[in-house]
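This structure is in structure tokens; I'll ask about it shortly.
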Amino acid sequence: MSDYGLELLAFGPHPDDVELFCGGLLAKLSVAGHRTGIVDLTRGEKSSRGTLETRARETEAASLALGLTLRENLELSDGWVSPWAGFESPERETQAPVARVVEVLRRLRPELVLVPWEEERHPDHAAASALVTRALFFSGVRHFAPGLPAFSPRQVLYYPLRHLAEPTLVVDVSEAYPRKVAAIACYESQVRPRADAPATLVGSALSLSSLEARDRFYGAQIGVAHGEPYVTREVLGLADPVDHFRRNAFARPLFFPQRR
């Protein structure tokens with residue numbers, strides 16, 4: 001019997017972050033029959049646009065578009081995400097944000113985990129990366145926040161947001177791309193350019209086209225229409241390189257990374 005629950009679990013600082021930057025991978029795996037999920041750390045209540053009610057409806061619609069198995073929200077304070085929050089409290093082992101993420105990991109037991117990359121313009125995004133990274137370590141420590149058995153996923157992938165990290169790998173999401181676009185479009189309050197709403201980066205006129213340009217650029221690096229970049233902190237190993245490259249054969253790349 002497998003020691004894992006979900007095949008893929010993605011953590012997002014706010015509702016819509018996962019859809020924007022790694023929605024293609026979730027859509028692709030759900031179509032393939034894998035169990036996928038998203039855990040949003042906050043409800044995005046500090047957003048310049050929309051309300052909690054509209055964002056909740058948009059999140060539900062986007063989850064359906066991606067074919068998710070589950071979606072949860074930890075309801076941490078938007079704008080105050082911190083990997084150190086709660087450690088001054090006597091209840092730190094159950095109430096601190098890191099302990100709450102540990103509980104999610106141990107309960108859902110995902111085989112593959114997606115985490116925001118550490119470099120990011122939004123402070124909550126960078127803090128979310130540090131928070132989930134700490135939780136991934138302590139999830140495997142038996143005496144940390146006792147209650148559920150210790151657990152470590154098979155692999156962790158970091159997904160870049162606005163900062164362009166050099167990827168360890170690029171996933172071909174070309175066939176799933178319409179589903180990603182549909183999921184993003186569900187967040188109309190956030191992504192639709194409007195003259196009568198506050199100016200935001202994600203809601204600016206070039207925002208969505210620039211994100212597609214990013215996915216097309218990374219796709220061109222592996223010779224496909226659309227690709228999503230991911231970073232690992234460990235060296236990846238291959239048990240059978242021949243089998244791996246037979247099953248992952250791509251056309252000639254159109255762009256090449258800089259090698260220092």
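The values are calculated or read from the model by the stated rules, or taken from the named source; none is laboratory data. All values derive from a computational prediction rather than experimental measurement. Don't worry about glycine lacking a Cβ; one is built from the backbone with ideal geometry, like all the others, and counts go over all protein chains shown. We work out accessible area using only protein heavy atoms, side chains counted, and drop any ligands, DNA or RNA first. Shrake-Rupley method; radii C 1.70, N 1.55, O 1.52, S 1.80 Å.
Sort out which residues of region 149-162 are over 16 Å from residue 101 (Cβ atoms), open to solvent by less than 50 Å² (accessible area, probe 1.4 Å) and part of a loop (DSSP other than H, G, I, E, B), and write them in order of number.
160, 161 - these are the residues of region 149-162 that are over 16 Å from residue 101 (Cβ atoms), open to solvent by less than 50 Å² (accessible area, probe 1.4 Å) and part of a loop (DSSP other than H, G, I, E, B).
Can residue 183 be described as within 18 Å of residue 226 (Cβ to Cβ), open to solvent by less than 40 Å² (accessible area, probe 1.4 Å) and either assigned to a helix (DSSP H, G or I) or at pLDDT 95 or above (or both)? Can you show your working first?
Details: within 18 Å of residue 226 (Cβ to Cβ): yes; open to solvent by less than 40 Å² (accessible area, probe 1.4 Å): yes; either assigned to a helix (DSSP H, G or I) or at pLDDT 95 or above (or both): yes.
The answer is yes for residue 183.
While we're looking at this one, here's another question. Does residue 58 satisfy the condition of being under 21 Å from residue 227 (Cα atoms), open to solvent by 10 Å² or more (accessible area, probe 1.4 Å), at pLDDT 85 or above and acidic (Asp, Glu)? Before the answer, list the steps.
Working: under 21 Å from residue 227 (Cα atoms): no; open to solvent by 10 Å² or more (accessible area, probe 1.4 Å): yes; at pLDDT 85 or above: yes; acidic (Asp, Glu): yes.
So residue 58 fails the test.
Select from region 209-231 the residues that are open to solvent by less than 30 Å² (accessible area, probe 1.4 Å) and small (Gly, Ala, Ser) and write down the one among them that is nearest to the chain's Cα centre (by Cα).
The qualifying residue nearest to the chain's Cα centre (by Cα) is 227.
Go through region 212-250 and give me each residue that's within 27 Å of residue 183 (Cβ to Cβ), among the hydrophobic types (A, V, I, L, M, F, W, C) and assigned to a loop (DSSP other than H, G, I, E, B).
Matches in region 212-250: 222, 224, 225, 250.
Condition first: of a type in the set (Gly, Ala, Ser), on the phi < 0 side of the Ramachandran plot and touching an Asp or Glu at 6+ places or on another chain (Cβ under 8 Å). Can you find one or more residues in region 91-101 that meet it?
Within region 91-101, one or more residues are of a type in the set (Gly, Ala, Ser), on the phi < 0 side of the Ramachandran plot and touching an Asp or Glu at 6+ places or on another chain (Cβ under 8 Å).
Inside region 32-55, can you point out the residues that are open to solvent by 40 Å² or more (accessible area, probe 1.4 Å), in contact (Cβ under 8 Å) with a residue 12 or more places away in the chain and closer than 26 Å to residue 152 by Cα?
Result: 34, 35.
Quick check on region 9-31. Is at least one of its residues surrounded by fewer than 16 Cβ atoms within 10 Å (Cβ to Cβ), out of contact with any Gly (no Cβ under 7 Å at 6 or more places or on another chain), of a type outside the set (S, T, N, Q) and modelled with pLDDT of 90 or more?
So the first thing to find is which residues in region 9-31 are surrounded by fewer than 16 Cβ atoms within 10 Å (Cβ to Cβ), and the list is 31.
Checking the rest, the ones that are also out of contact with any Gly (no Cβ under 7 Å at 6 or more places or on another chain) come to none.
No, every residue in region 9-31 fails to be surrounded by fewer than 16 Cβ atoms within 10 Å (Cβ to Cβ), out of contact with any Gly (no Cβ under 7 Å at 6 or more places or on another chain), of a type outside the set (S, T, N, Q) and modelled with pLDDT of 90 or more.
Hand me the list of strands (runs of 3 or more DSSP E) wholly inside region 21-117 holding 1 or more residues that are over 30 Å from residue 219 (Cα atoms).
Ranges flagged: 36-42, 70-76.
Residue by residue through region 139-159, note down the ones that are under 22 Å from residue 13 (Cβ atoms), at pLDDT 95 or above and out of contact with any Pro (no Cβ under 6 Å at 6 or more places or on another chain).
Selection gives 139, 155, 156, 157, 158, 159.
Select from region 173-202 the residues that are among the acidic types (Asp, Glu) and either within 14 Å of residue 67 (Cβ to Cβ) or under 16 Å from the mean Cα position of the chain (by Cα) (or both) and list them in ascending order.
Answer for region 173-202, where residues must be among the acidic types (Asp, Glu) and either within 14 Å of residue 67 (Cβ to Cβ) or under 16 Å from the mean Cα position of the chain (by Cα) (or both): just 175.
Residue under question is residue 189, and the condition is that it be open to solvent by 30 Å² or more (accessible area, probe 1.4 Å) and hydroxyl-bearing (Ser, Thr, Tyr); does it hold?
Numbers: open to solvent by 30 Å² or more (accessible area, probe 1.4 Å): no; hydroxyl-bearing (Ser, Thr, Tyr): yes.
For residue 189, the condition - open to solvent by 30 Å² or more (accessible area, probe 1.4 Å) and hydroxyl-bearing (Ser, Thr, Tyr) - is not met.
Within region 114-137, which residues are among the aromatic types (Phe, Trp, Tyr) and crowded, with 17+ Cβ neighbours inside 10 Å? Outline the logic, then answer.
Of the residues in region 114-137, the ones among the aromatic types (Phe, Trp, Tyr) are 117, 137.
Passing the criteria: only 117.
Going through region 163-175 one residue at a time, which ones are part of a loop (DSSP other than H, G, I, E, B) and in contact with a Leu (Cβ under 8 Å, 6 or more places away or on another chain)?
168, 173
Could you tell me whether any residue of region 136-154 is under 30 Å from residue 248 (Cα atoms) and out of contact with any helix residue (DSSP H, G or I) (no Cβ under 8 Å at 6 or more places or on another chain)?
Going through region 136-154, the residues under 30 Å from residue 248 (Cα atoms) turn out to be 136, 151-154.
Narrowing the set further to residues that are out of contact with any helix residue (DSSP H, G or I) (no Cβ under 8 Å at 6 or more places or on another chain) leaves 154.
Checking region 136-154: at least one residue is under 30 Å from residue 248 (Cα atoms) and out of contact with any helix residue (DSSP H, G or I) (no Cβ under 8 Å at 6 or more places or on another chain).
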